[in-house]
1. By a straight-distance test (C-alpha under 27 Å), which lysines pair with A:Lys139 as possible cross-link partners, with residues fewer than eight away in the same chain excluded?
2. State to the nearest 20 debye the size of the charge dipole of chain A about its Cα centre, where the only charges are +1 on K and R beta carbons and -1 on D and E beta carbons.
3. Identify the residues of the range B:28-63 with backbone N under 19 Å of a label point that sits 7 angstrom from the Cα of A:Asp212 along the Cα-to-Cβ direction, or state none.
4. Under a Cβ-Cβ cut-off of 14 Å, what is the net charge of the residues other than A:Phe70 that fall near it, where Lys and Arg count +1 and Asp and Glu count -1?
5. Using DSSP to define loop residues, name the trypsin sites (Lys or Arg not before Pro) in the range B:47-109 whose beta-carbon has at most 16 other beta-carbon atoms within 10 Å.
6. Order these by the 10 Å Cβ neighbour count, fewest first: B:Asp73, A:Asp12, A:Asp117.
7. Just how large is the dipole of the range B:64-110 about the Cα centre, in debye to the nearest 20, putting +1 at every Lys and Arg Cβ and -1 at every Asp and Glu Cβ?
8. Which of the DSSP-defined H helices in chain A satisfy a minimum axial length of 30 Å, computed from C-alpha atoms, and a minimum mean Kyte-Doolittle hydropathy of -1.0?
Amino acid sequence: MTTKSPLSTGRDVQVAAALKAGDEAAFRDLFERTYPMMKRVALGYVDSDAVAEEVVQETWLAVVKGIDRFEGRSTLGTWIFSILTNQAKSHHGRERRARPFSSIGSGGADEPAIHADRFQKDDEAWPGHWAIPPRPWQKPERRLLSLEARDRLKDALAQLPARQRAVVGLRDVDGLPAEEVCDVLNLSPENQRVLLHRGRSRLRAILEQYVDGADA
Amino acid sequence: METGSDRPNPMDHSGPPPDGASVGDANSVPDEVVCEEFVELVTDYFEDALPPRKLSHVEEHLVLCDWCRTYLDQMQATIGALGGLGERALAEPSESVLAALRSRQETDGR
């Protein structure tokens, strides 16, 4: 998967120069493009939308004020993310939240990708093989491109357990590489993959219901 | 739902049945991946995180099983659809952020 993150595009020099010059148009563009991603990261540390939004604003304030200290030893994205996670953690501490990100529930980790009913049982001819197989989606998946499907998917993503939502959002919506997601959310590579897998599997199931339901 | 009426049985090949007849000694990793296991390995497969032996079993399974290839396609389509959800924020920078930015313009334009 290619990286399409606006903070990882190799335009660091130009972006940093624009920030240093106080270029408002360039700043607004950057702000708008990165906002959903930054809020997703913040929501890895704090519970409420409102607090996450505050954390993003505070991060930009610190970035704009401190951009002269950015020396290009890390990428601009890494630098901004480190400010973001520090801001989020300090909120986390201030509000004495009882649950750090890494301990929010199981993240649905025990749920299988596909319900066991869809596979043949041990006493059937091909145990563990599909009993109710997936039906191919037409290509290109036209139905998936509809506004309705997009809304369904968006809702389903929003309803995933917090950790799955953060990982799937950052990886698949924002296009961040796995290592960066592990970094900003403080996850082991294994945990990152498990959360990604659970989240994606659940979303595939939602789309399957949508596509098959619409076909019927 | 009738399965496989118009499609070949996924395991309809000349080899041994998936269970009971696997080659190799009792200590070895099972030689076959069945569909129920495959659907849990898809992400590790995409992420290149499968150990070599598991990877070859997954690839063998994919050669034989149309349904799991369909499943793989659907996971890929799901990832693709998620990539289309990116959007700009409706949010605006706060007044204090904009003020800090404007104060940079002043120092910069000296």
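Computed from the coordinates by the stated procedures, all read-outs in this text should not be read as laboratory data. Here the structure is a predicted model, which is why all the values come from computation and not from measurement. Neighbour counts are summed over all protein chains in view; Cβ atoms, including those assigned to glycine, are modelled from backbone coordinates with ideal geometry.
1. In chain and number order, the partners are A:Lys4, A:Lys154.
2. Dipole size: approximately 220 debye.
3. B:35-42
4. The answer is +3.
5. Hits after loop and neighbour filter: B:Arg88.
6. Placing the least packed residue first, the sequence is A:Asp117, B:Asp73, A:Asp12.
7. 160
8. Membrane-span-like by this rule: A:189-215.
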